[in-house]
Every structure is written in structure tokens, then in C-alpha cells.
Amino acid sequence: MRPFNAADSDSPRRVTSGSGASGRRGRRLGVEIKPGSVKQARAEAGLSLGQVARGDISRTAIYFVETGKAKPSIETLKLIAERTGKPIDYFLSEARTSAHALSEAVADVQRSLATRDFTGAVTAGESILEKKPDPETAATISQLVSTALLNLAQPVKGRRYAAAARIHFERIGDMLMVAECLGNEASAAFLMQDPAALAIAEEALSTVRALNPPPKTTEARLLATLGHVHVANQNWQAAINTYEEAIEVGDAVRDLHRLAIVYNNISIAYKHLGQFNRAAQFSQQSLTIHETLNDQINLARAENNLALLLIRMGDLVGSRAHLDRALKRLDEAGVELGKSNVLLSLSELLFAEGKLTEAAELARQGRGLATRYSETTTIAESHLWLGKIAAAQGQDEAADDEFAAAISTLAGTGFQEPLRHIHMVYAEILEQRGDLANANRHLKRALAASGSSGFAAVSSRSATA
């Protein structure tokens, strides 16, 4: 019922460079330079006008540049810089120097993203934003920082940056970047277990498909994001179909990180469709890629998914090894968002082993973490497991209290599928207890809930983004 999500938004934004090339031949625009800088550089180098020119350009041209009667082309300025031994920035006006430095700073953020140094990208990006750059640069940096934050499992802050960037790009009509921002907002939304994730992901995809032609890399990335939301919603076949479309478009195949996440989520879908062999195949492929990339956070999520699959297949020993590694990886990475999912997986394993007291303790720990991060459906599932454990211990009143808390947690939230699951499990427990009237009542509520396609999370505990 509950997603264990990672962001999948590695989409470094192009750096805008002003008006760009027009494709027209003609006179090149001159570069704005600091008055007197060329004459001073020549004097300090002990050169004459002719020694600077050296036949490549006329002495008169150098003289005109020195006296401010003409602006040098960038090629001429580079020649002057080389012959006088000065850096280009020595000659540039303060405004031009600032723009050049800003462009380099944006490129640094993009390089950090490309090398998966997400912390470095956030630090560099926020440093630029503190200097109040122009709106276009601020929006570009905000989108990049949003991408980095999502990969660091910080969706609240990441969503805020993406929304701020989207507002600017909507204002100037850059619909490609609007789609990119919406994709990040969708990723943040389902990391936060927000039912709005599906609508946002669909809007992002429709926005990019309205472009003529739609950029394939962006379309594939947004298809993958929509697939992640379908997994979280427990719409398993739709998830598989969407992922296959993303792979067919091609971007996911070229990006190993994204492909590993897609494989992991396809595994989750096949597991819930009861096709365990197919699920195990995709799960192992995901693990192998993540290990190759040394992606510790997503390795933890893949380990958790495979562990749940092994529990379903009865391999409790193998499941334990994967869960222990998943927990260790998250602890070493200092990531707490989603850690509650691994704790609940361990609780499920202990329940299967008949270790009910230990299972209850881990479920309570998971509930505590989920509460800290407002993971609504995870909180509900922790109550579900505490209810199942209490029922197995013969503590009927405690079981009733836990299921009531689980149902109350989801009441009015729009999370229909996890609510349906809770009613179904509780109905089975009540039937085993011999309380057929209440069992039928919860069964009817489960059937009523199944009529709506809300955001699901409990059974998709290891879904990644």
C-alpha cells in the first residue's frame, strides 16, 4: 500500500545563452570592455600597437579599441589577451564578467548533477540563488536544485523549488521546462504520498506531448515518472504498460540509473500480479545495475523490494539478508525518508517467523518514523501490522483499536486503495474470530472503496521513483 520512493528526475536543464545564433551571416557584435583596459595591458606588457597586431589585425583597429571608438570581437579580444598575457576577464566590463561567472556557476551545478554529486549541486545552486540572479537563471537553478533534492530524498524542499521554477517558465512560455518542472513536482508529490501525484504526472506528460515534436528524452522520463505513480497507486498493469512505453521511447535505456529504477518497479508490479519468476528477474537486474553504479540509496530500495518478494516465495533467510543490507545502506547514507518501509518489511518478516513481540516493536518504530515525515499511508500500514500482530496474540481489543486507527488515518484523504486493503484484512480477521456481521460490514466497505482509484501505498512498499 505504501511507496518506498526515490526521485527519478536527473534532467539537467540547458543553460540559456541569450538570444542565440540566428543563422544569419554578417558583422559580429563587439564585446563590451572596461575603458582603458587594452591600453593599460599593452603598456604593462611593453608592447607597441604593431606588436599587439602582428599582421593579424591592423594597428588602427587596436588603436580604435584602445580609445573606445570600436568594440573588439571576442576573437580579437582573445588575441589581445594572449599577446598581453592577461586573462579575458581583465578586459570585460563588470556586467559582462558577472554574466560569465554566472554561466560558469550554472555549469558547475549541472556538472555536479551529471556526476551525481547531489549535495554539491544543492550547495552550489543555493549559493547562486542567494546572489539574486536574473529571473531566467534563478528558474534554471531552481529546477536543477529541485532535481538534486529529490535524489537526496528531500521532496518538500524539492517540490518548492520546482514550483517556483515552473511559475517563471509558464510566464515566458517555455513549455518544455514547464513539463520538466511538473515532472519534478509529480516525483515530489508521490514521495510525500500526496494523491495529487497522478494528476500532476499526467499534466506533465500531456504538456511535453503538446510540443511539436515532443523531445523524446523528456517524454520517456515523464513516462517513467507516471509509471512510478501507477505503482504507488497499485495499478500494476498500467505501470508495466507505461514503463514499456518509456523504454520503447528510448531514454530509460540510455540512462542506467533510471533503467534500474524502472526494472525495480516492474518487478513490484509483477510480484503483485503473482508472476514471481518475472518479478525476481527484473528485481535482480535492478540490483545488478545499482551495484554497478554504487547507488546506495536506490540499492537499499531494490534490496527491500527483493526481500518482500522472497517473503512471498517463502525464503525468509534470504529476505533477512537483503533487509539487513537495506537498513545498513540507508543508515550509512543518512536517509530517513522511506526507512519506515524497511522497518515494516522487517516486521512482516518477523511476523512470518512467528516472532510477534519483535515484529510489534519494529512496527512501532516504523510508525514513529512515518509520523515524523507525515507518511500518511505508511502510518496506516503500521497500525495494520500492529493490528494483525495483536490478533495473532489473541488480543482482540488491541487489534480492534489498531484497525480503527488505521482506518481513521486514511479517512477523508482520498487514499482509497490502501483503505480498501485495510478493510479486507480486517474483514478476514473478524471472520476468523467468528464476528461475521462486522466482517461483512468491512467487506462491503472494501468493495465500496475499490470503486475509486486513489493513490495506493501499503502493498507497494518498495516502489521507487
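The values are calculated or read from the model by the stated rules, or taken from the named source; none is laboratory data. If you're wondering where the values come from, they're calculated on a predicted model, not measured in any experiment. Counting neighbours? That spans all protein chains shown, and the Cβs are built from the backbone with ideal geometry, glycine included.
Report every pair of residues separated by at least 6 positions or lying on different chains whose Cβ atoms are under 7 Å apart, first residue within region 379-402 and buried (at least 16 other Cβ atoms within 10 Å of the Cβ), second of a type in the set (S, T, N, Q).
Listed pairs, sorted by first residue: I379/T371; I379/T409; A380/T409; H383/T409; W385/S347.
What are the residue pairs meeting all of these: first residue in region 40-62, first residue closer than 13 Å to E82 by Cα, second residue surrounded by fewer than 16 Cβ atoms within 10 Å (Cβ to Cβ) and charged (D, E, K, R), Cβ atoms under 7 Å, and 6 or more apart or on different chains?
A53/R59
How many residues does region 403-437 hold that are surrounded by fewer than 17 Cβ atoms within 10 Å (Cβ to Cβ) and over 19 Å from I389 (Cβ atoms)?
Qualifying residue count, region 403-437: 6.
Quick one: in region 403-421, which of the residues that are outside any helix (DSSP H, G or I) and free of Cβ contacts under 8 Å to residues at least 24 places away in the same chain is farthest from H383 (Cα to Cα)?
Looking at residues that are outside any helix (DSSP H, G or I) and free of Cβ contacts under 8 Å to residues at least 24 places away in the same chain, I get G412.
Do you know which residues across region 338-367 are assigned to a loop (DSSP other than H, G, I, E, B), surrounded by fewer than 24 Cβ atoms within 10 Å (Cβ to Cβ) and not charged (D, E, K, R)?
G354
I'm trying to understand the selection: among the residues of region 277-293, which are at pLDDT below 90 and of a type in the set (A, V, I, L, M)?
Correct list: A280, L287, I289, L293.
When only residues in region 294-321 that are polar (S, T, N, Q) and modelled with pLDDT of 90 or more count, which is farthest from E336 (Cα to Cα)?
S319
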